[in-house]
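The values are calculated or read from the model by the stated rules, or taken from the named source; none is laboratory data. Not measured: the values here are computed from a predicted model. Note that each Cβ is placed from the backbone with ideal geometry, even for glycine, and that neighbours are counted across all protein chains shown. Ligands, DNA and RNA are excluded from the accessible area calculation, which covers all protein heavy atoms including side chains. Shrake-Rupley method; radii C 1.70, N 1.55, O 1.52, S 1.80 Å.
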Amino acid sequence: MMVTPIDPITFEVLRNTFEHVCRRMTVILQKSSFSPILSENLDFSNAIYDPTLRLVGQTANCPVHLAAMHFSVQAVARKFGIETLRPGDVVVLNDPYDGGTHINDVTLTMPVFHEDVLIGFAVSRGHWMDLGGGGPGGQGFGTHVAGEGLRLPPLKLYRNYEVDPDLLEILLRNTRTPHYIRGDLQAHMGALLAAEDELQATARKYGRATLLQGMDDMIRYTERIVRAEIEKIPDGVYEGADYADSDGITDAKVWARVKLTVSGSNLHVDFAGSDPQVAGAINSPFANTTAAVYTALQFFLAPDAPPNAGMFAPITLSLPDDCWLNARWPAPVVGCTTVTSGKVQSAIWQAVAKAIPDLAIAPTCADANWFVAAVRGAGGRIDVFSDIPAGGWGGTPYNDGLNVTLDPLGNCTNMPAEAAELLYPIVVEAFDLRQDSGGPGENRGGLGARFKFRFLNGGELSIETSRTIEGSPGVNGGSRSPVQMLLQEYGDGRREIIGGPRPDGTWRSPLLSSHKFGPNEAFEFLSTGGGGWGVARSRDPERVREDVIDGYISAEAARRDYGVAIDPKTVEILSDETSKLRQQA
């Protein structure tokens, strides 16, 4: 092995090679997978690791996957021992308490060899549409993880590149969607084989020693960048908090409280004071919470550095033993990636806003809004339709937040209406911007959306979401966005709020499991926007007017939130009245 860093040109070639490997894995998985949650929603991730189990390269897939997948590789090593692995072995797992996060996220790990010497690991994780459980997609919202579907410890699914037919049969018999399983598995295997091919070719071209040295140099390089960025933050202790509306069993809020301690080039994250483990299915295993922490911080530390294990080294983490963010068996966890991760991120972003207010970003809607619907298609076959209607991101120091963009921990996409209607017995009736849904601020929060689809043959819908008590918080004097709402429209046109605040003053939990919809009934979801950045009445009145023209905010909101009076006929600013309104603030 070389003991000095490789030259800059080779370093740059290898940096791009590691990213290219993962991009190739991603293209193969997307283009060849069968289930639309992979091919359309892109709810998957691919990465490569060095022989010592350190992340070397990844591509822009799901951040909450990527920062957690090293726990999967470590679980494989614990179970089998690295020295026992052979070419063509592929280990599958999804156990939240043994290297996984929630049960739907299935991880496949394959060792890669060059001339019988281990040179790394290829890892592919995907959200599989359904692995059983009490509700479609595992969203049963019970009080035991067993109700969320088939839980797989690390198991050798492939040996010498051949699938184990018995394990495959178990997978096929424990899902509502067996028609997706075989094709998705082959797509994952194609991604792993592509990584093997690329890493072996790199070892042949540059030599195994150079490849391994390049992996080590890359990790050290990223760590230096991250440490340099942490040193720019004033030493101190900074706190933030956010909450999930409910655990689905009781109506009590569930709080994530975080304390960031910055000391030189080190950053410690402490969740002391967060709520205990809860009965409902929003508990988060250690791997998932850790991933949310790493991802939330990298937005501010080194988003452009090569993504690898060097990102993690300067950051340490403390979690209480009895804590919903440090779940222990048999706690249910299906909502950990889609509800809880967002609250961890939001709490951290609010703490960061106190440390570096000029660079802070207001929290996003902080929910993936993941729903799953069991529908009956042609020939009576039960199928599972899933989507993730996005909300808005928070305002930034430089501009307004992004409109209708999936939460940053997911980085997935919504399913195109054309694909949804082709594959399932539904009609998508709306997916448009929700006026006044961004948090008011000098830089406004991005807007949420109105999403509506109709069941042609009826069905059952489960959903994980939050932000129905309060909207996304603002920073630096910015305001909250409005709350999210879930509605059911009956065949006769009647509408009922089935999640969120109701006209009679009551509130319904937005965590629904197998909620029944009859034929020709519709589900409508109103997502919220991001929080505002800065005081709303400091916003340039001309920018407020442009928002009214674009339909982003109403004339009423312009007056109420921004102190800008707009002539309803000419859509011009009423200067004298605006001056009076702003003086009253």
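None of R24, R78 is over 24 Å from P307 (Cα atoms), assigned to a helix (DSSP H, G or I) and of a type outside the set (D, E) except R78.
Okay, residues lined up against (1) surrounded by fewer than 24 Cβ atoms within 10 Å (Cβ to Cβ); (2) in a helix (DSSP H, G or I); (3) free of Cβ contacts under 8 Å to residues at least 40 places away in the same chain:
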site	(1), (2), (3)
L192	no, yes, no
D216	yes, yes, no
I219	yes, yes, no
I225	yes, yes, no
A228	yes, yes, yes
V237	yes, no, yes
F300	yes, yes, no
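Filter the stretch 486-512 for residues that are farther than 12 Å from D245 by Cβ and part of a strand (DSSP E or B); which is most open to solvent (accessible area, probe 1.4 Å)? Top of the filtered list is R495.
Please tell me if L155 is open to solvent by 20 Å² or more (accessible area, probe 1.4 Å), touching a Lys or Arg at 6+ places or on another chain (Cβ under 9 Å), touching a residue at least 24 places away in the same chain (Cβ under 8 Å) and hydrophobic (A, V, I, L, M, F, W, C).
yes
In the stretch 302-317, is there at least one residue being of a type in the set (S, T, Y), open to solvent by 30 Å² or more (accessible area, probe 1.4 Å) and touching a residue at least 40 places away in the same chain (Cβ under 8 Å)? Yes, the stretch 302-317 contains at least one residue that is of a type in the set (S, T, Y), open to solvent by 30 Å² or more (accessible area, probe 1.4 Å) and touching a residue at least 40 places away in the same chain (Cβ under 8 Å).
A single member of E521, E572 is among the acidic types (D, E), free of Cβ contacts under 8 Å to residues at least 40 places away in the same chain and open to solvent by 10 Å² or more (accessible area, probe 1.4 Å), and it is E572. Considering only the stretch 369-378, I want to know if a residue exists there that is surrounded by 24 or more Cβ atoms within 10 Å (Cβ to Cβ) and not in a strand (DSSP E or B). Scanning the stretch 369-378, I find at least one residue that is surrounded by 24 or more Cβ atoms within 10 Å (Cβ to Cβ) and not in a strand (DSSP E or B), so the answer is yes.
For (1) open to solvent by less than 10 Å² (accessible area, probe 1.4 Å); (2) closer than 20 Å to T175 by Cα, each residue gets a yes or a no:
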position	(1), (2)
M69	yes, no
K79	no, no
T101	yes, yes
V117	no, no
R125	yes, yes
G134	no, yes
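Picking from residues in the stretch 532-569 that are crowded, with 17+ Cβ neighbours inside 10 Å and among the hydroxyl-bearing types (S, T, Y), the one that is nearest to N443 (Cα to Cα) is Y562.
The set of residues from the stretch 331-385 being more than 28 Å from N174 (Cα to Cα) and among the aromatic types (F, W, Y) comprises just one member, W349.
With respect to the conditions (1) surrounded by fewer than 21 Cβ atoms within 10 Å (Cβ to Cβ); (2) out of contact with any Asp or Glu (no Cβ under 8 Å at 6 or more places or on another chain); (3) outside any helix (DSSP H, G or I), F34 lacks only one, and its number is (2). Show the residue pairs that are 6+ apart or on different chains and have beta-carbon atoms under 7 Å apart, the first residue being within the stretch 117-132 and within 17 Å of F371 (Cα to Cα), the second being of a type in the set (K, R). So the pair list comes out as D130/R176.
Among the conditions (1) assigned to a helix (DSSP H, G or I); (2) open to solvent by 50 Å² or more (accessible area, probe 1.4 Å); (3) touching a residue at least 40 places away in the same chain (Cβ under 8 Å); (4) out of contact with any Leu (no Cβ under 8 Å at 6 or more places or on another chain), the only one that E169 does not satisfy is (3).
Applying the set (1) outside any helix (DSSP H, G or I); (2) open to solvent by less than 20 Å² (accessible area, probe 1.4 Å); (3) without any contact (Cβ under 8 Å) to a residue 60 or more places away in the chain to T289 leaves exactly one unmet item: (1).
Going by the conditions given, is L359 open to solvent by less than 20 Å² (accessible area, probe 1.4 Å), of a type outside the set (D, E), assigned to a loop (DSSP other than H, G, I, E, B) and in contact with a helix residue (DSSP H, G or I) (Cβ under 7 Å, 6 or more places away or on another chain)? So L359 fails the test.
Conditions (1) free of Cβ contacts under 8 Å to residues at least 24 places away in the same chain; (2) surrounded by fewer than 24 Cβ atoms within 10 Å (Cβ to Cβ); (3) assigned to a loop (DSSP other than H, G, I, E, B); (4) among the hydrophobic types (A, V, I, L, M, F, W, C), marked per residue:
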| position | (1), (2), (3), (4) |
| --- | --- |
| G439 | no, no, yes, no |
| L447 | no, no, yes, yes |
| R450 | no, yes, no, no |
| R454 | no, yes, no, no |
| S466 | no, no, yes, no |
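Restricting the first member to the stretch 347-366 and to residues that are farther than 16 Å from S481 by Cβ, and the second to residues that are among the hydroxyl-bearing types (S, T, Y) and open to solvent by 10 Å² or more (accessible area, probe 1.4 Å), the beta-carbon pairs closer than 6 Å and six or more apart or on different chains are A351/Y238; K354/Y238; A355/Y238. Take T202 and tell me if it is in contact (Cβ under 8 Å) with a residue 40 or more places away in the chain, crowded, with 22+ Cβ neighbours inside 10 Å and of a type in the set (S, T, N, Q). For T202, the condition - in contact (Cβ under 8 Å) with a residue 40 or more places away in the chain, crowded, with 22+ Cβ neighbours inside 10 Å and of a type in the set (S, T, N, Q) - is met. When the stretch 331-351 is limited to residues that are among the aliphatic types (A, V, I, L, M) and surrounded by fewer than 24 Cβ atoms within 10 Å (Cβ to Cβ), the one that is nearest to V106 (Cα to Cα) turns out to be A331.
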